[in-house]
Amino acid sequence: MLNTKLNKTLSVAIELDLTFHKYKESWKNILLRGHTEGRYQTFLNNFYKNERKLYAELNELKNLLDYDSALFTPIDKLRDDIKLNSKSYRKALKIYFESDRSVQELADMFTDSEYALSVALSDIRQAVTMLSNDKLNKLEIDLGSKLMFNFIFSALLTILCIALLLYILNIRIIRPIEYAISVVNRLKNKEEHVRMKAFGNNEFSIYSASFNSMLDSIELQKKQLEKSSRQLMEAEKLAALGDLVAGVAHELNTPLGIGLTASTHVNDSTKILKKSADEGKLTKRQLDQYITNVLEGTKVIEGNIYKANEIITTFKQVAVDQSSENRRIFDIKKCIEENVFNMNLKHKAIDHEINVTSESYNLDSFPGPLGQVIVNLINNSFIHGFSDGRFGMIDIVIKAIDANYIEITYQDNGKGMTPAVLSKMFDPFFTTAEDNKGTGLGMPIVLNIIKKVLQGNIQIESSLGNGFKAIITIPKQVTE
């Protein structure tokens, strides 16, 4: 606002000089050209107009200079001198009309007074210029001081906010991640009765509850295996679920480890920044580099947290389904894709391809047992069909036969089976695997689940060198 006012003051001072020049010229036009060109009245009006404009600009200049009254007296004197000069101009016109004095003689009468007015105007303009420049310089100095203060304040505020953010990250993310890593490592070491503590009411508490629920379910089912021979058929399912837990634990270790590394880097950068700030050596370049490091670190942490969230979300649903035989309405495509996802985690080191082709169909059935069927078929392909080291491809195609039934076609490009092996496929404890890699219970469990739980049928097609194909037909809604 002050800067604008100072510029306006300079502009009025310059304009005042131009107006005075027009004022003199209009008087000379009356005297020298008024009668000869027949424009006396026009020149007279211009003279009065320029005179009024001079007074108006002097008043405006005085008002704009309210911050310094030292120039009020010269301005008032100049206004009075202009009034006297104008009165003299009008007297000269009367003399011109009433006497025979020449025009040039009358014009020369005002040479000294006009020069004196010009000098006074010049003095006022120079004084205004110097005063305005001094004010502008002071304004720039004050502005620079304010900018420096704002920069220092902003830097300190930024450091405080970052410190607060790091504290929150440490409480809500870093500590839970470190604890989760320790629990995962204990699970990898096959330690029993491991449970994950909840950290407040956030995502980690949800993960902890789901994780602990899954572990509770596993331990309960392990105890039930000891009570009856029927639960012997469930041993493979629980073993697969245990492997799945270890696979997910191993998979979680990567994003959690990366997140911890990134958070440690941010913490170290903060310590370095704080040391520089405490020693008074903090530079803008250091601050910019620190902000860049924090943004990159938090981006890495966020990305890996989301990755861990995706793994745990998928694992949670599959784990709950596989650890129970609850009937519910579910999307068969999503159910199978989740189980395939977890199988890919379990067999991450094996380079095979699994493709699922399906529309979304809602079933009122048992997602856990259906997932176990898919898991056992994939395990069967990995252990038997691709045992010769070939690149494995598995296609799972799901389609509706009619309004009531779904057909699942499972097919691999494995080495296939002889008629003798095919005839014994569903016999309990029959296996062609070497080195105790198979239990002989995988396909009997598949048959038992499809017929007794899912209330469907399965057909097997296979020959040596032509892969394996299973056609499974199940109802969309099981009966009571």
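A few remarks follow.
- Packing here is the average count of other Cβ atoms within 10 Å per residue, and on that basis the peptides 441-454, 387-400, 10-23, highest first, run 441-454, 10-23, 387-400.
- Overall Cα dimensions of segment 111-164 - principal axes, largest extent first, Å: 77, 9, 5
- Distance violations [Cα-Cα > 19 Å] among Lys334/Lys451; Lys8/Lys146; Lys333/Lys452; Lys8/Lys77; Lys399/Lys476: Lys334/Lys451; Lys8/Lys146; Lys333/Lys452; Lys8/Lys77
- In the structure shown, the pairs Lys22/Lys94; Lys188/Lys271; Lys49/Lys135; Lys188/Lys275 are assessed against 30 Å; a Cα-Cα span above that value is assigned to Lys188/Lys271; Lys49/Lys135; Lys188/Lys275.
- Loop sites in segment 106-191: GluC sites (Glu not before Pro), DSSP, at most 14 other Cβ within 10 Å: Glu191
- Computed over segment 1-152, the Cα gyration tensor eigenvalues convert (square root of 5λ each) into semi-axes of 42, 14, 11 Å, ordered from largest to smallest.
- Cα radius of gyration and Dmax for segment 8-95 (Å): 14.7, 49
- Under 5 Å from the amide H of Leu441 lie the amide H atoms of Phe429, each residue being 5 or more positions distant or on a separate chain, with H modelled from the backbone and absent for Pro and chain starts.
FYI, it's all coordinate maths here, none of it is from the lab. Keep in mind the model is a prediction, meaning the values are calculated, not measured. Methodologically, a virtual Cβ is constructed for each residue, glycine included, from the backbone with ideal geometry; neighbour enumeration extends over all protein chains shown.
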